[in-house]
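Asks: Quick one: structure below, then a few questions.
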Amino acid sequence: MSNFLPTLDHRQIIQTRIDATSYHDACDRIEQWAINKTSCYIVAANVHVVMMGYWTPDYQTLLNQAALVTPDGMPLVWGLRLLGIKQQQRVYGPDLMLAWCDRAAQRGIPLFFYGGTTAMLKKLEENLTKRFSGLIISGSYAPPFRPLTQEEETRDRQMIEASGAQVVFVGLGCPKQEYWMARQQGKLSAVMIGVGAAFSFHSGEVSQSPRWMMKLGLEWLYRLTREPKRLWRRYLVNNPCFVVLFLLQLIRTGVSRD
């Protein structure tokens with residue numbers, strides 16, 4: 001892999017920078033940052049992330065300070081295409097996790113998993129080591145669901161650092177995982193990747209939406225039918241607001257006709 005990383009094209013969707021990356025490009029960047037021990041974080045952005053940024057200024061700031069923001073949700077892919085990046089494809093957090101595990105197994109780059117539950121992490125490690133021969137998992141930890149004390153957060157960071165992990169997958173959910181990664185930047189010499197529900201999916205504890213629903217942008221509907229009490233506000237409030245705000249953006253700036 002070349003040591004030169006090309007500058008990525010990007011667009012602002014509502015208030016969030018979304019990068020025109022791909023799985024291969026993202027893995028190239030993760031690899032170089034990991035080798036160089038760059039302390040940085042990656043956000044897989046969907047409508048919920050973009051709208052959280054819109055409603056919450058400090059969260060918006062940390063989104064725009066991420067080293068890489070991938071178009072995790074199909075509405076953001078369609079948004080990039082409408083804004084002139086015609087060939088953009090989805091870079092979905094759970095699939096990026098698998099793509100990186102494949103690359104890490106080939107390169108011998110050790111990983112750490114932070115989040116979920118102890119039982120979930122055990123299943124996750126078993127599934128991934130079976131799937132990717134040579135994958136090095138240097139550690140994992142399921143922190144308590146309550147807010148951590150400063151001492152606990154420092155201890156966790158030191159534990160990850162001591163493990164030798166060069167890449168940390170963070171499965172704390174939005175927005176908790178992004179706040180956690182931003183606080184570790186400059187303190188933890190690793191690439192941090194927020195992957196949301198990927199731990200639940202790849203451990204087998206939660207089923208993923210069928211691929212045909214993902215392609216149609218209906219993954220939210222699949223998840224809503226399975227966890228309505230937890231997710232109804234996220235989808236039934238954020239989704240319509242996103243559509244209105246993005247349409248206003250298109251009207252204001254004009255749809256690219258390139």
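Asks: Per the Kirkwood definition applied to all pairs of different Cα atoms, how many angstroms is the hydrodynamic radius of the range 29-122?
Replies: Hydrodynamic radius (Kirkwood, Cα pairs) of the range 29-122 is 15.1 Å.
Asks: If you don't mind, there's one more thing I want to ask. Please give the net charge around residue 227, taking every other residue with its beta carbon less than 14 angstrom from that of residue 227, where Lys and Arg add +1 and Asp and Glu add -1.
Replies: +4
Asks: Classify the range 83-210: rounded, prolate or oblate, from the alpha-carbon gyration tensor (a ≥ b ≥ c, eigenvalue square roots; a/c under 1.5 rounded; otherwise prolate if a/b is larger than b/c)?
Replies: In terms of gyration-tensor shape, rounded.
Asks: Moving on. Once you wrap a convex hull around the alpha carbon atoms of the range 18-78, what is its projected area averaged over all directions, in nm²?
Replies: 4.2 nm²
Asks: Here's something else I'd like to know. Would you list the P(r) distribution for the chain, with all Cα-Cα distances sorted into 5 Å bins from 0 and each bin expressed as a whole %?
Replies: Result, from short to long distances: 1, 6, 13, 18, 20, 17, 13, 8, 3, 1, 0 percent.
Asks: Can I ask one more? If you stretched the chain out fully between residue 215 and residue 117, how much longer would it get, using 0.36 nm times the residue separation minus the C-alpha to C-alpha distance?
Replies: So the chain would gain 32.3 nm between residue 215 and residue 117.
Asks: To the nearest 500 deg cm²/dmol, what mean residue ellipticity at 222 nm is calculated for the chain from DSSP H runs of n ≥ 4 alone, each contributing -39,500 (n - 2.57), summed and divided by the residues?
Replies: So the helix-based figure for the chain works out to -16000 deg cm²/dmol.
Asks: Ok, one more. Given Cα pairs under 8 Å that are at least 6 residues apart, what percent is the relative contact order of the range 1-105?
Replies: Relative contact order, the range 1-105: 30 percent.
Asks: To continue, here is another question. Along its three principal axes, how long is the range 106-171 when you only count alpha carbons? Whole Å, largest extent first please.
Replies: In descending order, the Cα extents are 37, 23, 13 Å.
Asks: What ranking of 161, 152 comes out by heavy-atom accessible area, probe 1.4 Å, highest first?
Replies: 161, 152
Asks: Of the DSSP beta bridges with both residues in the chain, give the percent that are antiparallel, rounding to the nearest 5.
Replies: 15 percent
Asks: Shape verdict for the range 180-258, please, from the Cα gyration tensor: rounded (a/c under 1.5), prolate (a/b greater than b/c) or oblate.
Replies: Note, shape of the range 180-258 comes out oblate.
Asks: State, to one decimal in nm, how far the label point of residue 243 lies from the label point of residue 81, with both points 7 Å from Cα in the Cβ direction.
Replies: Those two pseudo-labels are separated by 1.7 nm.
Asks: So what's the Cα pair-distance distribution over the range 143-203, bin width 10 Å, in %?
Replies: With a bin width of 10 Å, the distribution comes to 21, 57, 22, 0.
The values are calculated or read from the model by the stated rules, or taken from the named source; none is laboratory data. The shown structure was predicted, so the numbers you read here are calculated from the model rather than taken from an experiment. In this analysis, Cβ positions are derived from the backbone assuming ideal geometry, glycine residues included, and neighbour counts consider all displayed protein chains. Quick note on the areas: whole protein, heavy atoms, side chains included, nothing else; ligands and nucleic acids left out. Shrake-Rupley method; radii C 1.70, N 1.55, O 1.52, S 1.80 Å.
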